[in-house]
Amino acid sequence: MKFLKFFEYGGFEKSLGEESNSISDLNLTDAELQYLRSISEKTIIGSPIFEITQSKINATSIVGVIAFDGVHIEILPKLLRNNRSSNNNNNSSILQNLMFMLSYTNELDIYDSGVGSLSENSDSFIEAYIAIFADRLSKHLIRHGSPKAYVEKNENLNTVKGKIDFAKQSTINCFNQSRIYCNYAEFTEDNGLSRAFKFVSQSLIQLTKSSSNTSVLNRCIGLLDGVKGEYITGSEIDRLSIGKRNQNFIALINLTKMFLKKMRPEFSGQKKNKAFTLLFDMNELFEEFVFMVLKRNESYLNIKVQAQKHKRLVNAERDFLRDGEWQNRALFATYTDISITLSDGRIFIIDTKYKVVHSGKNHYGISNQDAYQILAYRQIHKDEVEPSVVLLYPRSKEDLQKEFRINGSETTFMAWTVDISVDLGKNMNLLVENLRNLITVVEQKSS
């Protein structure tokens, strides 16, 4: 097995800890590199996982895990690394913050307090996910046994069971009256949900390099001894009747569905080039996380928060090939990331950008496109008064809190950073206070 660890917007970690983006250092065969190129381009349409040239390879903002044919690749979000932590394993601080963000935005669907402990001693994204799945499934099977459910069956039997299928009986058993074709429901542990649990457990054993995870997964497989390991789709699980269950069991089902979506049915088979991917776009996760922080603290911040506010760029058009008269038309939809209504009724728009900004970069790392986009939002979403607008970035090397005035006008936009590299599980108050300071600055601006 070849293990590679990449960091967002950068290269991969070599054996001695230094970082490289040289393809010659990858130690992949030409066939493996070609397959990685294909996965990079085709997994998320329009968002390549890597930027690959003839000699260089760099990760983008997509993080997670890719596994195929003896190659195991993890991509970690470097901007979550807590360099001020006393923990010698900084990759562990990345993982803890990433898992916290995923659970905070309900992407992970974890309801207990085990996230921190399960990721505390690991710097592997997929191992933490496997540990959560295995731990939850093992505890459920030990406490409650295999989940049982009614399974509809159709069989040719010696005795009547359930209902006789007379149409099948007349065609199949017309010359053998000793057999009866029946439709019946059997309450059994060998049902779709149990089969999915076993299939995922068997598949994850091929991914994990943790002896602890392997041991717990083998225990789960043993506890599911009377069940066939079989791939079923997430929609099939949705159709199963599971009755009233506690939140941890629902979370286990959702985690199982997530794994099934990332595995092709042949993942646990013998085919070549079988791929497993578990990936998240940090641009989307950062936006969702900031929104949830604001939403959950609306009362304290004295604001109202709305996500993805929609408005059309164009409200009328005219055709000079016809009469040249203006006609009302709503065209070119625009969506702001986060719209905030302040205590005085004014609107404040936040556009999150997950990228590196600091004073050492040209324009602080703020692109022309970022500036044009936020100014367009300011114009499009104005009512009587143009809203205040801010580009919100994760903190990199230093804090950035600036306001820029546009040439020839009094129009301004702001750029602000929030620190998501601190231990988010213990220091969420620091992030909330940073956002409160931003809102206070906006509220004090003259209208």
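The values are calculated or read from the model by the stated rules, or taken from the named source; none is laboratory data. Predicted, not measured: the structure shown is a model, and the values here were computed from it. Note: ideal-geometry Cβ built from the backbone for every residue, glycine included; neighbour counts use all protein chains shown. Note: areas computed on protein heavy atoms with side chains; ligands, DNA, RNA excluded. Shrake-Rupley method; radii C 1.70, N 1.55, O 1.52, S 1.80 Å.
What whole-number value in Å² describes the accessible area per residue of segment 159-227 for a 1.4 Å probe? Walk me through the numbers before you get to the answer.
Numbers: 3570 Å² over 69 residues.
Here the residues of segment 159-227 average 52 Å² of exposed surface.
Efficiency by 1/(1 + (r/R0)^6): what FRET value for HIS144 and CYS174, r their Cβ-Cβ distance, R0 = 56 Å, to the nearest 0.05?
Values: r = 46 Å, r/R0 = 0.81.
According to the calculation, E is roughly 0.75.
When the chain is fully extended, how far beyond the present Cα-Cα distance does LEU321 get from THR159, taking 0.36 nm per residue of separation? Could you put the intermediate results ahead of the total?
On the way: separation 162, 0.36 × 162 = 58.32 nm, distance 8.05 nm.
In short, 50.3 nm is gained.
Quick check: net charge around ARG239, other residues with Cβ under 13 Å of its Cβ, Lys/Arg +1 and Asp/Glu -1?
Residues near ARG239 contribute -2 overall.
What does the charge count around LYS153 come to, taking other residues whose C-beta lies under 12 Å from its C-beta (Lys +1, Arg +1, Asp -1, Glu -1)?
On the way: positive: LYS161, LYS163; negative: GLU152, GLU155, ASP165, GLU186, ASP190.
It works out to a net charge of -3.
How much net charge surrounds LYS198 when only other residues with a Cβ under 11 Å from its Cβ are counted (Lys, Arg +1; Asp, Glu -1)?
On the way: positive: ARG195, LYS228; negative: GLU189, ASP190, ASP225, GLU230.
Summing Lys/Arg as +1 and Asp/Glu as -1 gives -2.
A 29 angstrom limit on the alpha carbon distance is what I want to check against. Which of LYS257/LYS295; LYS139/LYS161; LYS198/LYS355; LYS257/LYS355; LYS56/LYS257; LYS5/LYS397 exceed it? Present the calculation step by step, with values, prior to reporting the outcome.
Working: LYS257/LYS295 27 Å; LYS139/LYS161 35 Å; LYS198/LYS355 40 Å; LYS257/LYS355 31 Å; LYS56/LYS257 35 Å; LYS5/LYS397 22 Å.
As for pairs spanning more than 29 Å Cα to Cα, those are LYS139/LYS161; LYS198/LYS355; LYS257/LYS355; LYS56/LYS257.
Over what distance in Å are the Cα centres of segment 371-423 and segment 50-71 separated?
What the calculation gives is 32 Å, centre to centre.
Calculate one ³J(HN,Hα) per residue across segment 205-214 by plugging θ = phi - 60° into the Karplus curve 6.51 cos²θ - 1.76 cosθ + 1.60, and present them in order as whole Hz with x for glycine and proline.
4, 6, 8, 6, 10, 8, 5, 5, 4, 4
How large is the accessible surface per residue of segment 351-447, computed with a 1.4 Å probe and reported in Å² as a whole number?
Values: 4920 Å² over 97 residues.
In whole numbers, segment 351-447 has 51 Å² accessible per residue.
Of THR60, THR440, THR159, which has the most accessible area and how do the rest follow, probe 1.4 Å? Numbers along the way, then the final one.
Values: THR60 20, THR440 50, THR159 95 Å².
Descending order: THR159, THR440, THR60.
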